[in-house]
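Here it is, the structure in full.
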Amino acid sequence: MHAAGFVHRDVKPANVLLRRNGQPVLACFGLVRDTALDRSHRSGFAGTPVYSSPEQLHGVAPIGPAADVYGPGATLCECLALAPPFAGRDTTRPGR
């Protein structure tokens, strides 16, 4: 996906499915961005804050393949520690 110029932007436990043989498969491509077409630092936040990279949350750099590395790391952290690396109030949804 990255070699083709696309970024998932929402890698999280709910978007990782397991095949019967235990192989993980990434799902839910509704937030995929074509990096060749979108060089903005932030074109409106999309994703799940707990699993989003700093550049997604703060708009400090263009969102590229490196942004997709943070989500699996946060997911692995949650699997091992039973909590995401940074937990806080989700301000993207009212009442959270």
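The values are calculated or read from the model by the stated rules, or taken from the named source; none is laboratory data. Remember, it's a predicted structure, so these values are computed and weren't measured experimentally. With ideal geometry, Cβ positions are generated from the backbone for all residues, glycine too; neighbour counts draw on all protein chains shown.
Looking at (1) modelled with pLDDT under 85; (2) assigned to a strand (DSSP E or B), can you tell me which one residue 28 breaks?
Here residue 28 meets the rest and fails (2).
Only one of 72, 84, 54, 94 is modelled with pLDDT under 85 and surrounded by 14 or more Cβ atoms within 10 Å (Cβ to Cβ). Can you tell me which?
On the way: 72 fails: modelled with pLDDT under 85; 54 fails: surrounded by 14 or more Cβ atoms within 10 Å (Cβ to Cβ); 94 fails: surrounded by 14 or more Cβ atoms within 10 Å (Cβ to Cβ).
Of 72, 84, 54, 94, the one residue that is modelled with pLDDT under 85 and surrounded by 14 or more Cβ atoms within 10 Å (Cβ to Cβ) is 84.
Here's something else I'd like to know. Any residue in segment 6-24 that is without any contact (Cβ under 8 Å) to a residue 12 or more places away in the chain and surrounded by fewer than 16 Cβ atoms within 10 Å (Cβ to Cβ) sitting within a Cβ distance under 7 Å of a residue that is in a strand (DSSP E or B) and of a type in the set (A, V, I, L, M)? List the pairs, counting only those 6 or more apart or interchain.
That search, which allows pairs on different chains as well, returns 17/25; 19/25; 24/16; 24/18.
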